[in-house]
Structure formats: C-alpha cells, structure tokens
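Q: One structure, as structure tokens, below. Some questions next.
Please treat every number below as a calculation from the coordinates, not as lab data. Here the structure is a predicted model, which means the values were calculated and not measured. Virtual Cβ from ideal backbone geometry, glycine too; neighbours counted across all protein chains shown.
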Amino acid sequence: MLAVRRLVLTLALTVPCVLAAPAAAAVPTIVVGDSLAVGTKPYLGSLLPGYPLTWDVRNGRTTPEGMRALRAKLREVQPGAVVVSLGSNDGPDPARFADRMRRILAAIPPSSCVIWPSIVRPDRKGDETGLNRVLRRMAAADDRLTLIDWQGAVQRGAVILPDGLHPDPAGYQRRSQMIATALQRNCAAPDTGTDTPSAPAEGGVPAPSS
C-alpha cells in the first residue's frame, strides 16, 4: 500500500471571485502545457497578483513536447512551483504516460511544488481513465504533486466542454481559479518563522491507497 502523501482535489467555486491573500510569499511559477493552458493565460495572472509567471504553452502539445519545453524553461527559471497541463494529446497507454510523468517530475527541482489538472477528453482521443489513474498514483507517491479535480468539475456539470475537451470562457476562468487556489494554498513560499501546518485546499481528500 502506498503511503498517503498529499492529494488535493481542488473544487471549483460556484462563481469566480477574488482569492484571499496567500498565507506566505508568492513563488516564481512556470506554466507549461497544451491548449487548455493557452486558455487559462488570459485569467490566471489576474488571479495571482505578485506571482512571477513564466509561460510556455501551445495548442496540440503532447507530454514529450511539453517535457522539452519545461526543461528549456528550467534553464532560465528556478521555480517554486510548476503548473503542468499535459496528457490530453497523449495516447491512452498508462505505462507510457507514467514513464513520461516520472521524467517530468524528475526534471523539476525537489523543492518545487507541482500542480497538474486531471484529464478529460473526447473518445476520439482515447480513454483517459488509465491516465488519471496514473496521476492519482503519482500524487500518492510524490508529496510535491497536487492534483486539480478538473474531471470532477466536468462530471458535476460545473464546467461545460462544447467539443469534449475545451471549455467555454466561463470554464477557462473556473479552471484558472482552481489552479490559483491550489497554488496559493499549497505552493506558497515556506515561512521562515515557526512551523504552521498549511490548510488543505477546499475539497481536499486523502490519496487512494492503490
């Protein structure tokens, strides 16, 4: 049984709103990803005033392509956090995706927090069930990794995907809110004073045991 580390399923808020001030200082953050990351770019910065965001996002990007882009950015930036939006354009093979995830996580500095939304995509792109299982397993094994429950938001009807993959503008705003909440609650720079346990993100649940 895998030890329970940190798996935070960040729920979307009922309506977009201004976030509360973070408990600790903002951290330099790299955002790397596909078209879903492209869609958050108009919103995420305004939700994270003071956060230095470095973007490398492109439509249609696969995880190997995103890995190369991330490694290039890591030569330029020492991030406190990395937001990864990849997997939607990959094949459905969980073993291959797990290998790609391991290489991405190995490339990210040990002290950096990682935010990664779960995957929802149309049938024509292949079943995402195995890929999301890999994401949950990796989060249980690596306490740097926080998952965003994008799949749950879609299943609850909180987000509409007109083409089965991309949300409408309101959905992109909600996705951005979920990412911003996770960053502020789980990836803030550590306090140099006395240790204080950080509050879990809204909707946080333990990682599954398998």
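Q: Gain in length, residue 142 to residue 41, computed as 0.36 nm per residue apart minus the alpha-carbon separation, to one decimal in nm?
A: My answer for the length gained is 33.7 nm.
Q: Please identify every one of the trypsin sites (Lys or Arg not before Pro) in the range 62-118 that sits in a loop by DSSP and has no more than 10 other beta carbons within 10 Å of its own beta carbon.
A: The qualifying sites are 75.
Q: With only alpha-carbon pairs counted, each pair once and no self-pairs, how large is the Kirkwood hydrodynamic radius of the range 29-186 in angstroms?
A: After inverting the pairwise mean of 1/r, the radius is 15.5 Å.
Q: Still on this structure, I have one more. Where in the range 115-139 is the amide nitrogen less than 17 Å from a point lying 7 Å along the Cα-to-Cβ axis of residue 99?
A: 131, 134-135
Q: May I pose another question? Below 13 angstrom from the Cβ of residue 38, what's the summed charge of the other residues (Lys, Arg +1; Asp, Glu -1)?
A: Its environment carries a net charge of +2.
Q: With each pseudo-label sitting 7 Å past Cα toward Cβ, what's the residue 166-residue 25 distance in nm, one decimal?
A: Each label point lies 7 Å from its Cα, and together they span 3.9 nm.
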